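Before any comments, here is the structure.
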Amino acid sequence: MKNYSIWVLEYSRVVDYHKSGVVYGAHNEGYIRLPYSYVVIKGNGHNIMVDVGYNHKEYGKVLGERFNVVDWQSPSVVLKEVGLTPEDIDTVIITHAHFDHFGNVEDFPNATFYMQEKELSKFIWAMSLPHQFQFLMSGVDPSDLLRGVQLAKEGRMKLLDGDVEEFLPGIDIFAAFDTHTYGSQFVRVKQGGSEEDSWVLAGDNAYQFENIEGKNQDGVLLPVGLATGSQTEMIFSLDKMLKLVGRDSKRVIPIHEQGITERFPSRTSDKDLFIVEVDLADGEVSKVQK
Ligand SMILES: [Zn+2]
């Protein structure tokens, strides 16, 4: 029995991202297509998102242009492909504070947000440091941090301290401290409560299959190329993800990986963005097959 449907929805992309940003130390290996996506998990009476993308205006637009992001579409356009509106979303798990994951909380008026306390507080600390430390703010929009604090004031941002097993029935959250960011987290969905039939939504500790499966699938874990934490912590968090899905690497989903469109049923919208159907709950209608 499957309780949850899981879709990865592309909402924009970088067409020429340097490979060394994806795999630590991959210098002079050229450029790759890097989709920007978020995840919808639907089931047990909830419409959940893992990350919210960014809003292509103000400093979000500045960052988007700095990273050469193209073909951006709003959540109302993107979610329509799976029959939802932003207002339908009740729960949002933020994997980390980078603008392309945390930069659009304002488009989800009915959601409660969950992120690690360490992620928000350490980036506020990084923001307070003098100019020479501003590398630590790479990919972070200070206004997103302020919006996070405002949501906390309104009771709509719940800050977590470490792992939360059974966050919702069959859904676990795992902290990955000092990895890609200070307080990254990732999500496991256990279909029907089963360990074997689980999925991990990796956040950015895995950008692509190569991080999880190794170069030419040789099984050597590879840390991502952008981090405020350590390569050691990243590699151990990748190993933990694999353990949580019975070491079946195909069950760890990296949302910046174009190849997921071939691993899972998928289609392309009329905006040229992909919809990937990782799994379907019992009784749910496919959103990718006619
Ligand atoms: Zn990131």
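The values are calculated or read from the model by the stated rules, or taken from the named source; none is laboratory data. Keep in mind that this is a model prediction, so the values were computed, not measured. Side chains included, ligands, DNA and RNA excluded: accessible areas come from the protein's heavy atoms. Shrake-Rupley method; radii C 1.70, N 1.55, O 1.52, S 1.80 Å.
Roughly what % of DSSP beta bridges within the chain run antiparallel, to the nearest 5? For the chain, the DSSP antiparallel bridge percentage is about 75.
Find the Rg to Rh ratio for segment 4-279, where Rh is the Kirkwood radius over alpha-carbon pairs and Rg uses the same atoms. Result: Rg/Rh = 0.92.
Using a probe of 1.4 angstrom and keeping all protein chains present, the accessible surface of segment 4-279 works out to 39 square angstrom per residue.
Per atom type, segment 1-124 shows carbon and sulfur on 47% of its accessible surface, probed at 1.4 Å.
Pairs exceeding 32 Å between alpha-carbon atoms, taken from Lys19/Lys118; Lys57/Lys80; Lys19/Lys61; Lys19/Lys290; Lys57/Lys118; Lys2/Lys80: Lys19/Lys290.
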